[in-house]
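This report concerns only the one structure given below.
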Amino acid sequence: MMKVDKVTVNALTVDVEDYYQVEAFTGVVSRKEWTQWESRIERNTDRLLDVFENHKVRGTFFILGWVAEHHPKVVHRIAQAGHEIACHSYHHQLICNQSREEFRDDVRRAKSLLEDITGKEVEGYRAPTYSITSRTLWALEILIEEGFRYDSSIFPILHDRYGIPNAKRFPYVIRCQAGDIVEFPPSTVQIFKQNLPIAGGGYFRLMPYPVFRWGLRRINRREGQSAIFMVHVWEVDPDQPVIPGTRLNIWRHRTNLHRTRPRLERLLEDFCFAPVREVLRLGDDAGHVTETELVNSAPVYAQMD
């Protein structure tokens, strides 16, 4: 099957966390209870690795430090399959609920674990629930100081849990006192000056596939940009246990889980993908934006070439 766009390469990413570790259920499942729940991380990661291998595609896996510590074989298998290893924090805790030192300890612990297991430097970070917002931009300074080269956490949408609505939609460099970091924002399409999310995850399950395909095609062809797509490992597991919670949280978490894998297969047929590091071509020159400009949503963002 001919791909929709054979020129533009998009970033393929996976958030490696178990079904009981999502933010929506923190009021039901405490972190102290994580070891008491049935782990499905290995089988679900293997399912995704098989899908990617069948399509001869590589991606970036943002892995929880907790998962790396308790399931190091999972990290080994991902790395041995040729995928990029990146960091998704240690405890999957919203940044706004941490002090600066708690956040530093969290990302340092996770990054160290991943690097010890793989023997390779970890360059990328994605915050739990995209929780780098206008209130937590200080986290960028810490990420730079801890050796991260890129982030994918600043969602340019209006949402009840995350987002900086007027942030830049495509990769750019943020200049902080500690140095520079590349931001690869979760993907959106702009309609009537409103950014609509099309980054994967729940949006991929809730939207009809043709709508999602149209959005990525618009980003690639009309705007000439790379998109970034995300899937959670638990999203290919429709048989996972039901976690009690609010009706809204259960609906968000479980709707169309049985459709994730076949839709993902179609997506990999229709578009070209690679790890984030390769799509960004880290090391190339790019424009810059300061942290002050970011928080003020100034219109002078400079996107990467």
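Distance between the pseudo-spin-label points of Gln80 and Val28 (7 Å out from Cα toward the beta carbon): 3.5 nm. Among the trypsin sites (Lys or Arg not before Pro) within segment 74-138, those in coil by DSSP and having at most 11 neighbouring Cβ atoms inside 10 Å are Lys120. Entry note, segment 50-160: relative contact order of 26 percent, from Cα contacts under 8 Å with a spacing of 6+ residues.
The value of relative contact order for the chain, using C-alpha pairs under 8 Å at least six residues apart, is 25 percent. Loop-located trypsin sites (Lys or Arg not before Pro) in segment 190-280 (DSSP state other than H, G, I, E, B) with a sparse environment of at most 15 neighbouring Cβ atoms within 10 Å: Lys193. Our helix-only sum for the chain, with -39,500 (n - 2.57) per DSSP H run of n ≥ 4 divided by its residues, gives a mean residue ellipticity at 222 nm of -9500 deg cm²/dmol.
Here is the tail figure for the chain: Cα pairs spaced more than 35 Å apart come to 12 percent of all pairs.
Annotation: amide H of His232 within the under-5 Å range of Asp15, Gly201, sequence separation 5 or more or interchain, hydrogens built in the peptide plane. Beta bridges per DSSP, both residues in segment 5-295: antiparallel share near 25 percent.
For the pair Ser134 and His55, the difference between a 0.36 nm per residue extended length and the Cα-Cα distance amounts to 24.6 nm.
Each Cα pair under 8 Å and six or more residues apart adds its separation to the average, and for segment 189-280 the resulting relative contact order is 29 percent. Scalar couplings 3J(HN,Hα) for segment 149-159, obtained by applying the Karplus form with A = 6.51, B = -1.76, C = 1.60 to θ = phi - 60°, are 9, 8, 9, 9, 10, 8, 8, x, 9, 9, 8 Hz; x denotes Gly and Pro.
Laboratory data are not the source of any read-out in this text; all were calculated from the coordinates shown. Remember, predicted model here, so these are calculated numbers, not experimental data. Glycine gets a Cβ as well: all are built from the backbone with ideal geometry, and neighbour counts include every protein chain shown.
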